Amino acid sequence: MTALPEVDAAQRQAPAAMAEALADRGACRIVGMPARWPALRSDLLRLRDEGALQAASVGRDRTRALRPDVRGDSTLWLHDPRCGDAARDFLAELDALRGELNQRLYLGLHEVEAHYAAYPPGSGYARHRDRFRDDDARVLSWVSYLNEGWNESDGGALRVLTDDGQVDVTPLGGTSVCFLSELEHEVLPAARERLSIAAWFRR
């Protein structure tokens with residue numbers, strides 16, 4: 001088991017450190033972003049209680065299907081008008097980071113898409129890649145965690161397979177992970193409800 005490079009989002013050189021980690025290792029863990037994660041958590045819980053989240057599907061176009069045995073979360077895109085100000089502010093923050101990473105890595109990123117995700121206890125997401133076989137638009141994947149008081153024994157880790165080996169990231173509130181969308185990864189089942197934001201930097 002290896003560990004990911006860690007970047008403190010509060011540091012002035014955080015975007016440069018992220019870019020270096022992505023170029024060297026293909027992934028990094030970020031602490032302190034989103035800074036206002038309790039507001040995002042409250043927004044997600046409100047939307048969940050209002051029934052705004054829908055069961056997520058797998059595949060795309062004609063192959064799209066609900067497969068709870070593969071993927072167990074329910075989601076809502078952050079650009080949906082039912083989302084609160086916290087979601088819009090976070091999308092703007094990610095878009096600013098997109099510009100910073102473009103300047104350093106020349107990835108041709110032109111937009112960010114993101115959604116809330118709620119995994120009920122016992123559910124996960126089987127091993128997969130975010131980049132589709134017939135579409136390479138997704139370049140970088142991002143996950144931000146919105147879980148309060150999470151313990152390692154609660155499970156629900158994000159398992160990322162890098163060139164250096166397998167990495168398990170505990171979903172602690174206020175931490176994020178960024179990795180190349182071509183890397184295989186999975187969400188392990190948790191004993192508690194698991195709350196997060198998943199985002200993709202696209203070209």
Could you list all residues from segment 54-83 that are small (Gly, Ala, Ser) and modelled with pLDDT of 95 or more? Ser74
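Residue-by-condition table, conditions (1) of a type in the set (Asp, Glu); (2) under 19 Å from the mean Cα position of the chain (by Cα); (3) surrounded by fewer than 16 Cβ atoms within 10 Å (Cβ to Cβ):
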{"position": "Met33", "(1), (2), (3)": "no, yes, no"}
{"position": "Leu40", "(1), (2), (3)": "no, yes, no"}
{"position": "Asp43", "(1), (2), (3)": "yes, yes, no"}
{"position": "Ala56", "(1), (2), (3)": "no, yes, no"}
{"position": "Trp77", "(1), (2), (3)": "no, yes, yes"}
{"position": "Pro81", "(1), (2), (3)": "no, no, yes"}
Restricting segment 121-135 to residues that are assigned to a loop (DSSP other than H, G, I, E, B) and in contact (Cβ under 8 Å) with a residue 12 or more places away in the chain, the one surrounded by the most Cβ atoms within 10 Å (Cβ to Cβ) turns out to be Gly124
From the list Thr175, Thr162, pick out the single residue that is over 14 Å from the mean Cα position of the chain (by Cα), over 18 Å from Ala55 (Cα atoms) and either without any contact (Cβ under 8 Å) to a residue 40 or more places away in the chain or surrounded by 17 or more Cβ atoms within 10 Å (Cβ to Cβ) (or both). Thr162
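I'd like the residue in segment 136-159 that is among the charged types (D, E, K, R) and part of a strand (DSSP E or B) and, out of all such residues, is surrounded by the most Cβ atoms within 10 Å (Cβ to Cβ). Please lay out each step first, then the result.
From segment 136-159, those among the charged types (D, E, K, R) are 136, 138, 148, 152, 154, 159; that's our starting set.
Right, trim to part of a strand (DSSP E or B) and you get 138, 159.
Numbers: Arg138: 18, Arg159: 16.
Across segment 136-159, the extreme among qualifying residues is Arg138.
Looking at segment 160-168, can you tell me whether even one residue there is in contact with a His (Cβ under 7 Å, 6 or more places away or on another chain), in a strand (DSSP E or B) and modelled with pLDDT of 95 or more? Even if it seems obvious, please write down each step before you answer.
Start the filter on segment 160-168 by keeping residues that are in contact with a His (Cβ under 7 Å, 6 or more places away or on another chain), which leaves 160-161.
Still in the list and also in a strand (DSSP E or B): 160-161.
If we keep only those that are modelled with pLDDT of 95 or more too, we end up with 160.
Yes, segment 160-168 has at least one match.
The values are calculated or read from the model by the stated rules, or taken from the named source; none is laboratory data. Since the model is a prediction, treat every value here as computed from it, not as a measurement. So basically every Cβ, Gly included, is an ideal-geometry build from the backbone, and we count neighbours across all protein chains shown.
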